[in-house]
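K.L.:
This is the structure I have questions about; it appears just below.
The values are calculated or read from the model by the stated rules, or taken from the named source; none is laboratory data. If you're wondering where the values come from, they're calculated on a predicted model, not measured in any experiment. Positions of Cβ are generated from backbone atoms using ideal geometry, with glycine treated the same way; all protein chains shown enter the neighbour counts.
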Amino acid sequence: MKRNVLAMLLAALMVTSALVSCGGGETTTETTSTVQGEQAGTETAEEDLFAAYRSIDLGGRTVNISVSSNISENGGGMPTSYPYIAGPDEMTGESVQDSVFQRNMEVEEMLNVKLEHEALDLNFDQVRPHIESLVMSGDAAVDYYVNDQLGLLNCGLKGYLLNLADKSNFGEYYFDLDSDVYYSEYMQQLSVGDKRFIITGDYFIDTMRAAHVLYLNKNIVTELYGDSDYVYNLVLDGGWTMSKMNEMITEAYQDTNGDGTPDDTDRYGLTGHSKGWAYPYYAFHYSTDCKVVSFDDKGLPYINESSQEGLSKMAELLIATDTSIGMYRTSTVADSLKKFVDGQAMLTFFQKVGDMEQASIRDFDGMGVIPYPKMDDSQEMHRTLVHDTAEMGAVPVTTVGEAATAVSAVIQVLSTHAHEYLLEGYYEVALKSKYAQDAYTAQMLDIVVAGISAPFEFAYELGFGSDSFLKTITFQPIADSITKGTDVTASTFATLLPGAQTRLQELIDIYTAN
């Protein structure tokens with residue numbers, strides 16, 4: 001990301017904060033001033049923060065916002081971000097929800113506008129057909145969408161979304177897409193060239209909530225290594241790598257029933273839904289610096305053939321993961337999580353930051369959160385993959401003129417407000433204080449969020465099925481190697497290369513067409 005998230009979050013940690021009482025709704029002075037705006041100092045800060053927007057008058061118009069209310073992963077994942085966008089209908093006494101309610105009210109008053117939120121319950125693969133039907137019929141009832149990245153990306157490629165970077169699409173233009181309130185690098189990597197069809201930042205909080213993490217059973221870690229903080233210290237000291245993880249998941253295996261054969265009753269080092277297929281392991285691959293696509297001096301992507309060495313190394317590491325006696329394979333993410341919360345696995349993968357909101361996670365005694373491992377010691381920092389069902393923003397091409405102007409003002413001010421207040425409320429109070437079980441987990445979350453990576457390869461490799469714009473060249477060589485149990489990255493890469501180059505050029509042509 002463009003901004004230094006880690007520095008901001010660490011600074012926020014220095015602010016003394018306390019949990020909100022469910023009954024009384026009391027907070028620290030910092031939180032109270034954020035939610036209710038009653039502190040004189042906060043009023044002064046807000047005057048500075050919103051000075052550029054206070055003169056905007058949208059004439060009392062209504063901005064209609066379609067917000068996903070669907071739980072990700074076909075109902076098996078974390079709760080929707082709808083409450084963080086639409087908020088409650090009244091104050092509830094819960095700090096984060098009250099902050100969202102107050103934010104929306106303040107923006108309505110500031111801009112003289114009415115925000116109307118409509119819940120839309122669709123799976124990611126239903127998003128494009130839904131928006132397509134409305135756009136093609138000329139239906140302008142929705143001013144902007146908050147929905148799954150993958151579905152919105154499809155809409156942008158089909159021409160159904162407004163280019164948010166083109167000021168000629170607006171009357172007055174209030175977006176500042178390069179400012180700290182947006183994840184500007186992330187947005188750039190969802191496109192080619194200067195066009196921007198998808199927008200994200202702290203207001204679209206799902207980008208952070210959908211960040212992949214590994215869940216850690218500290219009870220097993222303590223039993224094995226005599227120190228519940230052993231893995232945390234590996235992360236902080238730079239020693240949390242794929243090789244170290246593979247070593248540990250093997251050591252964690254325990255033949256619980258003593259029958260000499262790995263089975264469902266035994267204890268394992270790692271659990272994941274890789275039974276019968278290799279693709280779930282992409283969560284590890286895309287959390288490293290191993291990249292197949294590079295960008296030239298004009299900012300255009302190309303397949304970098306020298307990347308094969310990194311693919312080969314990553315393949316060997318993931319073959320070791322997959323074949324470890326400590327690897328327990330399930331058929332679904334939910335089954336993997338159950339194995340973990342039942343205390344039968346040291347680690348589970350394919351979980352997200354937002355999954356910490358689920359009761360089964362909150363009630364697990366001894367749970368920790370850590371970033372995915374580095375590929376090796378040469379990787380400078382931990383990288384974090386954001387899942388492609390993260391709920392982000394987009395404006396349909398049917399939003400024109402004054403409607404587009406209003407959307408740019410509303411999103412800009414909501415994003416400015418969320419950048420200042422929502423992240424601290426959700427991240428510092430809800431996640432770190434309410435759900436985290438130790439101080440180290442808070443540090444791990446800092447590292448996870450600071451490592452959120454540009455998503456180009458992940459965005460255009462997966463999710464399009466046979467229409468992949470990278471012909472699956474960034475992970476298929478590794479997947480084939482895992483399936484066959486030996487490194488075949490070179491042969492798969494060579495087979496996919498011509499098609500990948502052709503499809504990538506088609507993608508470039510779509511984005512660079514006038």
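K.L.:
When residues of the range 194-208 are filtered for being in contact with a Ser or Thr (Cβ under 6 Å, 6 or more places away or on another chain) and of a type in the set (Phe, Trp, Tyr), how many remain?
P.N.:
Counting residues in the range 194-208 that are in contact with a Ser or Thr (Cβ under 6 Å, 6 or more places away or on another chain) and of a type in the set (Phe, Trp, Tyr) gives 1.
K.L.:
Being within 24 Å of residue 353 (Cβ to Cβ) and either of a type in the set (Phe, Trp, Tyr) or in contact (Cβ under 8 Å) with a residue 12 or more places away in the chain (or both) is true for just one of 402, 420. Which residue is that?
P.N.:
420
K.L.:
Can you work out which of the residues in the range 356-373 that are in contact (Cβ under 8 Å) with a residue 12 or more places away in the chain and part of a helix (DSSP H, G or I) is farthest from residue 428 (Cα to Cα)?
P.N.:
That would be 360.
K.L.:
Run down 286, 279, 302 and say which single residue is touching a Phe, Trp or Tyr at 6+ places or on another chain (Cβ under 8 Å), in contact (Cβ under 8 Å) with a residue 24 or more places away in the chain and farther than 30 Å from residue 512 by Cα.
P.N.:
Matching residue, one of 286, 279, 302: 279.
K.L.:
Something else about it: Out of all the residues in the range 374-395, which are surrounded by fewer than 24 Cβ atoms within 10 Å (Cβ to Cβ), touching a residue at least 40 places away in the same chain (Cβ under 8 Å) and either out of contact with any helix residue (DSSP H, G or I) (no Cβ under 9 Å at 6 or more places or on another chain) or not hydrophobic (A, V, I, L, M, F, W, C) (or both)?
P.N.:
376, 377, 379, 380, 382, 383, 384, 388
K.L.:
Given the condition without any contact (Cβ under 8 Å) to a residue 40 or more places away in the chain and assigned to a loop (DSSP other than H, G, I, E, B), answer yes or no: does some residue in the range 133-145 qualify?
P.N.:
Yes - at least one qualifying residue is present in the range 133-145.
K.L.:
Right, another one. Which residues, taken from the range 179-226, are within 30 Å of residue 249 (Cβ to Cβ), among the small types (Gly, Ala, Ser) and more than 11 Å from the chain's Cα centre (by Cα)?
P.N.:
Result: 226, single match.
K.L.:
Condition check: part of a helix (DSSP H, G or I) and farther than 18 Å from residue 416 by Cβ. Does residue 118 satisfy that?
P.N.:
no
Rundown of residues vs (1) assigned to a loop (DSSP other than H, G, I, E, B); (2) of a type outside the set (Lys, Arg); (3) modelled with pLDDT of 95 or more; (4) over 30 Å from residue 456 (Cβ atoms), yes/no style:
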position	(1), (2), (3), (4)
2	yes, no, no, no
26	yes, yes, no, yes
47	no, yes, no, yes
60	yes, yes, yes, yes
67	no, yes, yes, no
71	yes, yes, no, no
75	yes, yes, no, no
108	no, yes, yes, yes
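K.L.:
To continue, here is another question. For the range 82-101, name all the residues that are among the polar types (S, T, N, Q) and not in a helix (DSSP H, G or I).
P.N.:
Residue satisfying the conditions is 92 alone.
K.L.:
Looking for something within 25 Å of the chain's Cα centre (by Cα) and not assigned by TED's automatic domain parsing to the domain that holds residue 282 - is there at least one such residue anywhere in the range 484-505?
P.N.:
Scanning the range 484-505 turns up at least one residue that is within 25 Å of the chain's Cα centre (by Cα) and not assigned by TED's automatic domain parsing to the domain that holds residue 282.
K.L.:
Aromatic (Phe, Trp, Tyr) and out of contact with any Leu (no Cβ under 7 Å at 6 or more places or on another chain) - does that describe any residue in the range 267-278?
P.N.:
Looking for residues that are aromatic (Phe, Trp, Tyr) and out of contact with any Leu (no Cβ under 7 Å at 6 or more places or on another chain), one finds at least one in the range 267-278, hence yes.
K.L.:
Among the residues of the range 247-258, count how many are surrounded by 13 or more Cβ atoms within 10 Å (Cβ to Cβ) and of a type in the set (Gly, Ala, Ser).
P.N.:
1
K.L.:
Show me the strands (runs of 3 or more DSSP E) entirely contained within the range 218-334 in which 2 or more residues are among the hydroxyl-bearing types (Ser, Thr, Tyr), modelled with pLDDT of 95 or more and within 24 Å of residue 364 (Cβ to Cβ).
P.N.:
268-272
K.L.:
Moving to a separate point now. Of all residues in the range 189-217, how many are in contact (Cβ under 8 Å) with a residue 40 or more places away in the chain and over 17 Å from residue 148 (Cα atoms)?
P.N.:
Residues that pass the stated criteria total 8.
K.L.:
Right, another one. Can you spot a residue in the range 380-390 that is assigned to a helix (DSSP H, G or I), within 30 Å of residue 219 (Cα to Cα) and touching a His at 6+ places or on another chain (Cβ under 8 Å)?
P.N.:
No, because not a single residue in the range 380-390 is assigned to a helix (DSSP H, G or I), within 30 Å of residue 219 (Cα to Cα) and touching a His at 6+ places or on another chain (Cβ under 8 Å).
K.L.:
A further question on this structure: If you check residue 261 against the conditions, is it β-branched (Val, Ile, Thr) and surrounded by 23 or more Cβ atoms within 10 Å (Cβ to Cβ)?
P.N.:
Values: β-branched (Val, Ile, Thr): yes; surrounded by 23 or more Cβ atoms within 10 Å (Cβ to Cβ): no.
Spelling it out, it is not the case that residue 261 is β-branched (Val, Ile, Thr) and surrounded by 23 or more Cβ atoms within 10 Å (Cβ to Cβ).
K.L.:
Report, ordered by the first and then the second residue, all pairs with beta carbons closer than 6 Å, sequence separation of six or more or different chains, a first member in the range 230-256 that is among the hydrophobic types (A, V, I, L, M, F, W, C), and a second member that is assigned to a loop (DSSP other than H, G, I, E, B).
P.N.:
Taking only residues 6 or more apart or on different chains, the pairs are 234/240; 240/373; 242/373; 242/375; 245/373; 249/324; 249/326; 252/326.
K.L.:
May I pose another question? Among the residues of the range 264-310, write down those that are polar (S, T, N, Q) and either surrounded by fewer than 15 Cβ atoms within 10 Å (Cβ to Cβ) or closer than 30 Å to residue 503 by Cα (or both).
P.N.:
Once the filter is applied, which keeps residues that are polar (S, T, N, Q) and either surrounded by fewer than 15 Cβ atoms within 10 Å (Cβ to Cβ) or closer than 30 Å to residue 503 by Cα (or both), the range 264-310 yields 265, 274, 287, 288, 294, 304, 306, 307, 308.
K.L.:
Just checking, does the range 369-380 include any residue being under 23 Å from residue 71 (Cβ atoms) and either charged (D, E, K, R) or touching a Pro at 6+ places or on another chain (Cβ under 9 Å) (or both)?
P.N.:
no
K.L.:
Looking at the range 455-472, can you tell me whether even one residue there is outside the structural domain of residue 218 (by TED's automatic domain parsing), closer than 28 Å to residue 96 by Cβ and in contact (Cβ under 8 Å) with a residue 24 or more places away in the chain?
P.N.:
Scanning the range 455-472, I find at least one residue that is outside the structural domain of residue 218 (by TED's automatic domain parsing), closer than 28 Å to residue 96 by Cβ and in contact (Cβ under 8 Å) with a residue 24 or more places away in the chain, so the answer is yes.
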